[in-house]
Amino acid sequence: MKRKNERIITDQRIEEYGQWLERCEKSGETIKKYRQYLKQFKEYTGDEPVTKEMVLLWKADLRRRITPVTINCVIAALNGFFKYYRWDGCESKFLKISKSSFYPERKELSKNEYKRLVKTAIANGNERLALVLETICASGIRVSELSFITVAAIHKGQAEIECKGRIRTVLLTRQLCALLQAYASKKKISAGMIFITKSGKALDRSNIWREMKALGMEADVKSEKIFPHNLRHLFARTYYEIEKNLSKLADILGHRDINTTRIYTKESGSQHRLQLEKMKLLVQDTTEYFFCCTIGYP
């Protein structure tokens, strides 16, 4: 028989911790992820009491399968859980991740690729998905914030978005409002959320992700570039290219820390390489240099 004070992860304890996070007003997505990670760790531990050694073994196993950034999210979930239940000595350290100066080119969604995704969605008769892509990319909102795009917001030309305990105003362009109004009229949506399921509920992130992925091959866009948050990155990069105001962009995106915004505005390595080449700081001519090397001149 299990004793109440044994350090064993149970569904009841995970649920209790999740409810505490809700009372702390953590975001719904954060709570969902934390519950998911804790359930995965529960499967790993079984009915065995949790020890620091067990945590470190699982962390080592994760390092072979998922990215360091995701591992740190898992550690945050576990450490918070251990702190809540006062399981001293079970916490583990976060992985130290060197910040890259450039956004990975294999993941960077270009404006042309984005346009191909939208046009493919329209060609396939998926008008809702096309407009979801355009709304996220034209406003910079998170996919989880789509529920704040309402009929009332269209009429005002702005949406009041609440996320992570903060409320911010997101302006909607006249063209976007016109598209949203036309869609709402066509779907007979006279009030409330614009993007809803057949049952009237808000669209789920996973459903949007799956629909986006299905466009990839037909739109000739690599799978690793297709995820909703990449549209937000494209908005941030495009805005920063025009405005060059990091502080204002942070306010638009709803970031508390401007360093988070810096991640969104990173350029790809190829763009940076082009800038270096434009500086023209090499004296020797490339063709002449290779010719000299070939014939053996000093």
With the requirement that a residue be assigned to a helix (DSSP H, G or I), surrounded by 14 or more Cβ atoms within 10 Å (Cβ to Cβ) and out of contact with any Leu (no Cβ under 8 Å at 6 or more places or on another chain), what does region 17-31 give you? 18, 20, 21, 29
Scan region 72-83 and report the pairs whose first residue is farther than 16 Å from residue 15 by Cβ and whose second residue is open to solvent by 10 Å² or more (accessible area, probe 1.4 Å), with Cβ atoms within less than 6 Å and a gap of 6+ or a chain change. 72/94; 72/95; 74/37; 75/92; 75/94; 79/91; 82/91
Residue that is surrounded by the fewest Cβ atoms within 10 Å (Cβ to Cβ) [pool: residues in region 147-156 that are under 19 Å from the mean Cα position of the chain (by Cα) and farther than 15 Å from residue 183 by Cα]: 147
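From 162, 134, which residue is of a type in the set (Asp, Glu), under 23 Å from residue 238 (Cβ atoms) and either part of a loop (DSSP other than H, G, I, E, B) or under 19 Å from the mean Cα position of the chain (by Cα) (or both)?
On the way: 162 fails: under 23 Å from residue 238 (Cβ atoms).
It is 134.
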For region 189-258, please list each of the helices (runs of 4 or more DSSP H) lying entirely inside it that holds at least 3 residues being open to solvent by less than 30 Å² (accessible area, probe 1.4 Å) and closer than 20 Å to residue 149 by Cβ. 228-243
How many residues does region 157-188 contain that are hydrophobic (A, V, I, L, M, F, W, C), closer than 17 Å to residue 129 by Cα and either touching a His at 6+ places or on another chain (Cβ under 8 Å) or surrounded by 13 or more Cβ atoms within 10 Å (Cβ to Cβ) (or both)? 5
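Collect the residues in region 154-179 that are in contact with an Asp or Glu (Cβ under 9 Å, 6 or more places away or on another chain) and in contact (Cβ under 8 Å) with a residue 40 or more places away in the chain, keeping them in residue-number order. Spell out how you get there, then give the answer.
So in region 154-179, the residues in contact with an Asp or Glu (Cβ under 9 Å, 6 or more places away or on another chain) come out as 159, 161-165, 167-170, 176, 179.
161, 163, 164, 165, 168, 170, 176, 179, listed by residue number.
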Residues of region 34-63 classified as buried (at least 16 other Cβ atoms within 10 Å of the Cβ) and on the phi > 0 side of the Ramachandran plot, total: 0
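The values are calculated or read from the model by the stated rules, or taken from the named source; none is laboratory data. Just so we're clear, the structure is a prediction, and the values are computed from it rather than from any experiment. For neighbour counting, all protein chains shown are included, and Cβ atoms are generated from backbone atoms with ideal geometry for every residue, glycine included. Ligands, DNA and RNA are excluded from the accessible area calculation, which covers all protein heavy atoms including side chains. Shrake-Rupley method; radii C 1.70, N 1.55, O 1.52, S 1.80 Å.
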